[in-house]
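**Q** My questions all concern the structure below.
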Ligand code: NAP
């Protein structure tokens, strides 16, 4: 926590429900302290019923900005004055900046994912990505990948209609990106992975009650030169990541995405680069508690 809260300290917050498990207060308060910036980050339980009041409150209190989490990432859109390009395409917002009383919404989730690959030395341009899952996280990742100019995206999901919705947005807006969907089927997945560059787990398998599960159980689906990434960050090394390691694949855990989506939000609010090493250390330690 920031040690020197004064009458000048500016508020930055998180709204959503639940918020008590969020790593964002720890991340941002660590960064404010490290850079000696006079902000404090607090989490507020706001859901769809009190969303309008919650947004008004952030404005009234003159918060510099705030993060938005489930279940209001989409329903907040009508309360914002402006949207960034990626937020408009994704149809969801995770970061809001208060510009003299006007609220501008951004979505830094997909940007954070791409940056987590870049920091491991992997450039996404012209590559083929295979995703499993078509929820909010998959949507942000897939659309950001299209913005970045990847060659091909294949989305597998149990409910194929949800994957088709994402596919449609990409087809309409990015004519150079090849995109297709499939129901979740092992044989189709194996076939698509033969010439893929990156596999992304965008489901909760590997986390919480599903910790012993993985979207891919057979290491023979993977090749040594395939990058295997998991959006799940608790535990940091999921079952999928461990299976990929046995095959010698390059791995990218979900910690990078959570850190970098926060770093982009931090830059939007403060204009400063987040001190990554201090924040990474704080959240890795925080997760192990
Ligand atoms: P979501 O909107 O609830 O979507 C979940 C997706 O996973 C859906 O497509 C769902 O398929 C699929 N799924 C759920 N259970 C499954 C199962 N047993 N087998 C196969 N598919 C299954 O969730 P989300 O917000 O996209 O989040 C997905 C994961 O990403 C979560 O674990 C979350 O913690 C993680 N995440 C990480 C970051 C980060 O910064 N690292 C950011 C956001 C999210 P159906 O559509 O068929 O139900």
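**Q** May I ask you to say which residue of 69, 95, 48, 108 is out of contact with any strand residue (DSSP E or B) (no Cβ under 7 Å at 6 or more places or on another chain) and either within 21 Å of residue 21 (Cα to Cα) or free of Cβ contacts under 8 Å to residues at least 60 places away in the same chain (or both)?
**A** 48
**Q** Another question, then. With more than 16 Å from the ligand (Cβ to nearest atom), touching a helix residue (DSSP H, G or I) at 6+ places or on another chain (Cβ under 7 Å) and farther than 23 Å from residue 214 by Cα as the only criterion, which of 149, 125, 101, 121 stands out?
**A** Exactly one of 149, 125, 101, 121 is more than 16 Å from the ligand (Cβ to nearest atom), touching a helix residue (DSSP H, G or I) at 6+ places or on another chain (Cβ under 7 Å) and farther than 23 Å from residue 214 by Cα, namely 101.
**Q** Would you confirm whether any residue within segment 237-249 is within 8 Å of the ligand (Cβ to nearest atom), under 30 Å from residue 93 (Cβ atoms) and in contact with a helix residue (DSSP H, G or I) (Cβ under 9 Å, 6 or more places away or on another chain)?
**A** No, segment 237-249 has no match at all.
**Q** Looking at residue 19, is it in contact (Cβ under 8 Å) with a residue 12 or more places away in the chain, under 22 Å from the mean Cα position of the chain (by Cα) and not in a helix (DSSP H, G or I)?
**A** Yes, satisfied.
**Q** Could I ask something else about it? So for segment 205-213 (the condition being within 10 Å of the ligand (Cβ to nearest atom), within 30 Å of residue 22 (Cα to Cα), touching a strand residue (DSSP E or B) at 6+ places or on another chain (Cβ under 9 Å) and at pLDDT 95 or above), does at least one residue qualify?
**A** yes
**Q** When you look at residue 27, is it touching a residue at least 12 places away in the same chain (Cβ under 8 Å), farther than 18 Å from residue 103 by Cα, outside any loop (DSSP other than H, G, I, E, B) and in contact with a helix residue (DSSP H, G or I) (Cβ under 9 Å, 6 or more places away or on another chain), yes or no?
**A** Answer is yes for this residue.
**Q** Determine which member of the set 187, 165 is under 24 Å from residue 257 (Cα atoms), more than 10 Å from the ligand (Cβ to nearest atom), at pLDDT 95 or above and surrounded by fewer than 20 Cβ atoms within 10 Å (Cβ to Cβ).
**A** Residue meeting the stated conditions: 165.
**Q** Considering only segment 214-233, how many residues are more than 18 Å from residue 129 (Cα to Cα), more than 11 Å from the ligand (Cβ to nearest atom) and either in contact (Cβ under 8 Å) with a residue 40 or more places away in the chain or buried (at least 19 other Cβ atoms within 10 Å of the Cβ) (or both)?
**A** 0
The values are calculated or read from the model by the stated rules, or taken from the named source; none is laboratory data. These figures come from a predicted structure and were not determined experimentally. For neighbour counting, all protein chains shown are included, and Cβ atoms are generated from backbone atoms with ideal geometry for every residue, glycine included.
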